[in-house]
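Asks: Take this structure, written in structure tokens, and hold onto it; I'll ask about it next.
The values are calculated or read from the model by the stated rules, or taken from the named source; none is laboratory data. A quick note: this is a predicted structure, and the numbers were derived from the prediction, not measured. The area values use the complete protein model at the heavy-atom level, side chains included, leaving out ligands, DNA and RNA. Shrake-Rupley method; radii C 1.70, N 1.55, O 1.52, S 1.80 Å.
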Amino acid sequence: MSRDTTMWTTCFRKDHDGVRISTRTDYGVRALIELARANRLLSAEQIATAQHISQPFLLTLLAELRRAGLVTSQRGKNGGWSLARPAQAITIADVIRAVDGPLINVHGSRPEDIDYGSAGHGLQLVWIALRSSLREVLEHVTITDVADGTLPPSIHSRTQDDEVWHSR
């Protein structure tokens, strides 16, 4: 999926699975978790090996994460990559926005910018509510939470019902 189209897309076609988490987001979060756990400079090769990520792909992601102010790099023999700020200050939403853009868009537009006219106003509200729900989770889970396995209670409570573990 292209960067312009972001990975949060609700698809109603048979050949799609609905809301998707892009490979870019998955790998970006995993790279930051690796850096948080190491708490020292790591080479791209070390991160790629530990997380089973293609090094060229990882380097592209790390550059995007650096531009977003999430990681920093140091050149030289003893160089490598590290978090640019504490892991507890980086949310999953920060990573998504850095590598894939806004949490949700509709045909490349933010939901609040869409004008469906009076007949579609309710649909716009649905898209805004969807974004709100995503924020409730993604803006409250940090890299530290995932790296240390200390997810917020709200995440645990959202996963208690057996029904949420099954796709529809």
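Asks: Stretched out fully, how many nm does the piece from His52 to Asp113 gain, at 0.36 nm a residue minus the Cα gap?
Replies: 18.0 nm
Asks: For the chain, what is the convex hull volume of the alpha-carbon atoms per residue, in Å³?
Replies: Given the Cα convex hull of the chain, per-residue volume reads 138 Å³.
Asks: Additional query: Could you tell me what fraction of 2.2 N^0.38 Å the Cα radius of gyration of the range 47-88 comes to, as a two-decimal ratio?
Replies: Relative to the 2.2 N^0.38 Å estimate, the range 47-88 comes out at 1.17.
Asks: Here's something else I'd like to know. From the Cα gyration tensor of the range 93-141, with a ≥ b ≥ c the square roots of its eigenvalues, which class applies: rounded if a/c is under 1.5, or else prolate if a/b is larger than b/c, or else oblate? Could the numbers behind the result be given before it?
Replies: Numbers: a/c = 4.58, a/b = 1.81, b/c = 2.53.
Taking the square roots of the gyration eigenvalues as a ≥ b ≥ c, the range 93-141 is oblate.
Asks: Just to confirm, what accessible area per residue do you get for the range 9-168 at 1.4 Å probe, in whole Å²? The partial results should precede the final answer.
Replies: On the way: 9720 Å² over 160 residues.
The answer is 61 Å² per residue.
Asks: Could you please state how large a percent of the accessible area of the range 107-168 is carbon and sulfur, counting protein chains only and using a 1.4 Å probe? Could the numbers behind the result be given before it?
Replies: Values: 2390 of 4480 Å².
Summing carbon and sulfur atoms, their accessible area is 53 percent of the total for the range 107-168.
Asks: Translational diffusion coefficient, Stokes-Einstein: compute it for the range 74-163 using the Kirkwood radius over C-alpha pairs as Rh, at 10 °C and 1.306 mPa s, and state it as an integer in µm² s⁻¹. Mind dumping the intermediate values first?
Replies: Values: Rh = 15.8 Å.
So the translational diffusion coefficient is about 100 µm²/s.
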